[in-house]
2 protein chains.
Amino acid sequence: MLRPSAHKDPEGAEEEVKHGHAASRAYAAIREGLLRDTWASGTRLLEADLAARIGVSRTPVRDALRRLVNEGFLEYSANIGCRVRGWSEDEIASLFDLRLELESYAARRAAERIDAAGIAELNTLCDQMEAIATEALDAPNLRDDLTAPNDAFHMRVIEAAANPLLAPMIASVTAAPVVLRTFRRYDADEIARSMNHHREIAAALAAGNGEWAAAVMRSHIHAGYVAMRRGGTGDAARGPNGPHGR
Amino acid sequence: MLRPSAHKDPEGAEEEVKHGHAASRAYAAIREGLLRDTWASGTRLLEADLAARIGVSRTPVRDALRRLVNEGFLEYSANIGCRVRGWSEDEIASLFDLRLELESYAARRAAERIDAAGIAELNTLCDQMEAIATEALDAPNLRDDLTAPNDAFHMRVIEAAANPLLAPMIASVTAAPVVLRTFRRYDADEIARSMNHHREIAAALAAGNGEWAAAVMRSHIHAGYVAMRRGGTGDAARGPNGPHGR
DNA sequence: CGGGGCCATATTGTACACAATCCAGACAAA
DNA sequence: TTTGTCTGGATTGTGTACAATATGGCCCCG
């Protein structure tokens, strides 16, 4: 499974984190903090605080917060503001369950649509991942480098599925901080298995066999879920509202 | 299929369209206009215009617009603003394809989890729909009354699936104006078939047979897609950017 | 007569000030 | 001790002014 560092931000603002565009800067800064686990779940994010820290006014900060709420990073209550969202065991299970459906669907469709160039790209990404994985056996801190090519691999499969609504939908269940940085939890065997899964997915797609591709993708995601559960969520607790608070 | 008048708004603001809360009023007003097809696809929505018409300032209007962008009603470009989103044939097909996956998944899971009370509710809703359908045979304009119980039926199934992330995800592919008000396109036979589907889904769930329930749900949505295609999308054209413009 | 660059205008983006609302703690009464 | 109320401070919600940017028409040039 795996599926870290989500691709571009799903909505507008095409990666314009330049100097101008206070809203984009605010969004990037807050998202960065969320991905770094700067704040514990349930922590209240104060607009004025963030605005001062980032160096913009409250208005673009509000825009950024609303966006992060819609992406599932934060939860919002009227007149109270935003809190860092936590994920209960149940919700994490639900999240992986949906990934199971959506990514296997993507693989099934991709098998009927991907072309030779796409297959080649997937295998190139496999080469990269395997090279990194070999080094990472000794240096566990290198494992985060796997996330970029792994993410690219999954993204290529999703693109090949040729369903324009699918990518943002999958992003909504993979952008969660809980899912990110999953490679760290993998042991050597699990990394090897993950690499094999990628190769097998590429093979199934090359063979044009959608059911095969979907089945391997399901295995891939199941394996990731097990690894995540074993390692603990790192974030099971919630705010005062309990696991499903809103 | 069908699935009109999406339930509550997916995110925060629990239906507070009261007198206060300018942002909620703005959201409700604009959404209402979108559902009424007040503006053609590609129409640019001006913040100042809307603010004046609704009687609030631009700030809450901006909030409302951002929200509608995230819900797929509008598309947004930096420094340009919001346009009414159109749906190409491809996108509508993609949309139904995802509903096929998600709602059949919901039905499959619901079969293992729904209780007797839930089944009873579903059958009650079937009763209601059949009563309305009988009258609507002569008065086609009554068909819109089917949308509320139909929506409730689907919602009950989704709730029974007990995946807290599923409902907002399905909402994102059913809130689109293209999908709403689908019953109008149905002829008498199609309405009858739809009613039969509902009864059969309830039976499959009562039998605890997830595969059966999922299969009927797929049939149900396929049928809806065919009816929609036959009737035309009512909104195939797009703005100047072509069908996938952004 | 057609095409490219420039400027006026319209519209969005940002900042800030004020109003509305909520929360924590103190205090009083049972 | 417990509960209810009230008040002060803090935080979000809204309105408005101004800055930044894009669009469309005009003029100039080829």
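Nothing in this text is a laboratory measurement; each read-out follows from the coordinates by a stated rule. Values in this document were obtained by computation on a predicted structure and should not be read as measured data. We place every Cβ from the backbone using ideal geometry, glycine too, and count neighbours over all the protein chains shown.
Short version: ³J(HN,Hα) in whole Hz for each residue of the stretch A:123-130, in order, from phi by Karplus 6.51 cos²θ - 1.76 cosθ + 1.60 (θ = phi - 60°), x for Gly and Pro, what are they?
Listing the rounded values in order: 5, 4, 5, 4, 4, 4, 4, 5 Hz.
Where in chain A is the longest stretch that carries no GluC sites (Glu not before Pro) classed as loop by DSSP and with at most 11 other Cβ atoms within 10 Å? Walk me through the intermediate numbers first.
Numbers: sites that count: A:Glu14, A:Glu15.
Result, exposed sites excluded: A:16-246.
On a 0 to 90 degree scale, rounded to 10, what angle separates helix B:58-70 from the longest Cα axis of chain B?
The two axes meet at around 40 degrees.
So between B:Asp127 and B:Thr59, what do we pick up on full extension, going 0.36 nm a residue minus the alpha carbon distance?
On the way: separation 68, 0.36 × 68 = 24.48 nm, distance 4.55 nm.
Residue separation times 0.36 nm, minus the Cα-Cα distance, leaves 19.9 nm.
Give the order of B:Thr147, A:Thr124 when sorted by the count of other beta carbons within 10 angstrom, beginning with the fewest. Please report the intermediate quantities before stating the final value.
Numbers: B:Thr147 20, A:Thr124 15.
Placing the least packed residue first, the sequence is A:Thr124, B:Thr147.
Rounded to the nearest 500, what is the 222 nm mean residue ellipticity of chain A from helices alone, with -39500 (n - 2.57) per DSSP H run of 4+ residues and division by all residues?
Details: 9 runs with 145 residues, N = 246.
Using -39500 (n - 2.57) per qualifying helix, the result is -19500 deg cm²/dmol.
When A:Arg53, B:Arg66 are ordered from fewest to most other Cβ atoms inside 10 Å of their Cβ, what list results? Could the numbers behind the result be given before it?
Numbers: A:Arg53 14, B:Arg66 21.
Ranking A:Arg53, B:Arg66 by Cβ neighbours within 10 Å, fewest first, gives A:Arg53, B:Arg66.
Could you please point out the chain A residue with its Cβ nearest to the axis of the rotation taking chain A onto chain B, and the distance in whole angstrom?
Nearest to the symmetry axis by Cβ: A:Asn70, 2.
Report, to two decimal places, the Cα Rg of the stretch B:67-135 normalised by 2.2 N^0.38 Å (N = number of residues). Mind dumping the intermediate values first?
Numbers: Rg = 18.7 Å, N = 69, 2.2 N^0.38 = 11.0 Å.
Relative to the 2.2 N^0.38 Å estimate, the stretch B:67-135 comes out at 1.70.
Using Cα pairs closer than 8 Å and at least 6 residues apart in sequence, work out the relative contact order for the stretch B:89-231, in percent. Show your work: numbers first, answer last.
Details: 160 pairs, mean separation 60.3, N = 143.
Over the stretch B:89-231, the number comes to 42 percent.
Note the angle between two axes, namely the Cα long axis of helix B:89-113 and the longest principal axis of the Cα atoms of chain B, as a number of degrees from 0 to 90, rounded to the nearest 10.
Result, in degrees: 50.
Could you tell me the distance between the Cα centroids of the stretch A:53-92 and the stretch A:109-145, to the nearest Å?
What the calculation gives is 33 Å, centre to centre.
For an R0 of 35 angstrom, estimate the FRET efficiency from the Cβ-Cβ distance between A:Arg113 and B:Ala40 and round to the nearest 0.05.
Using R0 = 35 Å, I get an efficiency of 0.60.
Whole number please: convex hull volume per residue of the Cα set in the protein assembly as shown, in Å³? Numbers along the way, then the final one.
Details: hull volume 77.9 nm³, N = 492.
Cα-based convex hull of the protein assembly as shown, divided per residue, equals 158 Å³.
Ranking A:His220, A:His197 by Cβ neighbours within 10 Å, fewest first, what do you get? Don't jump to the answer; show the numbers that get you there.
Values: A:His220 25, A:His197 21.
Arranged by neighbour count, lowest to highest, A:His220, A:His197 become A:His197, A:His220.
Where does the stretch A:23-113 land on Rg(C-alpha)/(2.2 N^0.38 Å)?
Normalised by 2.2 N^0.38 Å, the Cα Rg of the stretch A:23-113 equals 1.34.
Points 7 angstrom from Cα along the Cβ direction at B:Asn209 and B:Glu135: gap in nanometres?
Using points 7 Å along Cα→Cβ, the separation is 3.4 nm.
By how many degrees, between 0 and 90 and to the nearest 10, does the Cα long axis of helix B:22-35 differ from the longest principal axis of chain B?
For helix B:22-35, the angle is close to 70 degrees.
Let a ≥ b ≥ c be the square roots of the eigenvalues of the Cα gyration tensor of the stretch A:89-231; is it rounded (a/c under 1.5), or, if not, prolate (a/b larger than b/c) or oblate?
On the way: a/c = 1.78, a/b = 1.18, b/c = 1.51.
Oblate, since a/c reaches 1.5 and b/c is not below a/b.
How big is D, in µm² s⁻¹, for chain A by Stokes-Einstein at 25 °C and 0.890 mPa s if Rh is the Kirkwood radius over C-alpha pairs?
Numbers: Rh = 18.9 Å.
Diffusion coefficient, whole number: 130 µm²/s.
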